[in-house]
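The values are calculated or read from the model by the stated rules, or taken from the named source; none is laboratory data. Values in this document were obtained by computation on a predicted structure and should not be read as measured data. Virtual Cβ from ideal backbone geometry, glycine too; neighbours counted across all protein chains shown. The area values use the complete protein model at the heavy-atom level, side chains included, leaving out ligands, DNA and RNA. Shrake-Rupley method; radii C 1.70, N 1.55, O 1.52, S 1.80 Å.
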Amino acid sequence: MVLKKLNLPEYKFRIKRTISQQYLIFDLIRKKYIPLTKEEWVRQNYLKYLIYQKKYPIYSILIEKEIKVFDTQKRIDIMVYDNEGIKIIIECKSYEINLNKATLEQIMVYNMQINAKYLIVTNGMKHFNFLRSSNGYVPTDSIPDFT
């Protein structure tokens, strides 16, 4: 399986192939191997970015957290907590998917239930960071390190 180099630092991963030729990647948060899709490749790289570059502890991160939005069950790709509550929600897309207004609207709708301070949309190549303010969402260059 050829995986695309993303616009993130390079990390080492535990990847294995099953008897049926399916590739699996070890998830540090869920502590198990999961199917390696292009979206999962982006998620696993961004997780390592949060842990190794931004210094967020593993215990502060949830993966595929279920929430209810307008009577529909949805899943947030990555959710990060701090001592004040939910700090960041992240929507990951495959590196082959172009990020657009609909992607941003998706995470904004999720945040109506969550009220996170930061929203991130990434396809591994481009990362769009937003800070929630009293005037809506303001683009920001990056998210803060864990403190």
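Data overview
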{"item": "Residue list for the range 110-129, restricted to those being within 15 Å of M79 (Cβ to Cβ) and among the hydrophobic types (A, V, I, L, M, F, W, C)", "result": "M112, I114, A116, L119, I120, V121"}
{"item": "Inter-residue pairs, beta-carbon under 6 Å, first closer than 21 Å to T37 by Cβ and in the range 118-147, second β-branched (V, I, T) and not in a strand (DSSP E or B), 6+ apart", "result": "V121/T103; V121/I107; N123/I97; G124/V42"}
{"item": "Residue check for K31: farther than 25 Å from T147 by Cβ, touching a residue at least 24 places away in the same chain (Cβ under 8 Å) and basic (K, R)", "result": "no"}
{"item": "Wholly within the range 40-147, strands (runs of 3 or more DSSP E) carrying at least 1 residues that are among the basic types (K, R), open to solvent by 50 Å² or more (accessible area, probe 1.4 Å) and within 24 Å of R14 (Cβ to Cβ)", "result": "61-69, 72-82"}
{"item": "Residue tally, condition within 18 Å of M79 (Cα to Cα) and open to solvent by less than 40 Å² (accessible area, probe 1.4 Å), over the range 20-33", "result": "2"}
{"item": "Single condition L36 does not satisfy, out of (1) under 17 Å from the mean Cα position of the chain (by Cα); (2) under 22 Å from P139 (Cβ atoms)", "result": "(2)"}
{"item": "Filtered residues of the range 1-19 (kept if surrounded by 13 or more Cβ atoms within 10 Å (Cβ to Cβ) and free of Cβ contacts under 8 Å to residues at least 40 places away in the same chain)", "result": "L3, F13, I15"}
{"item": "So K101, is it closer than 16 Å to T122 by Cβ, in contact (Cβ under 8 Å) with a residue 60 or more places away in the chain and more than 14 Å from the chain's Cα centre (by Cα)", "result": "no"}
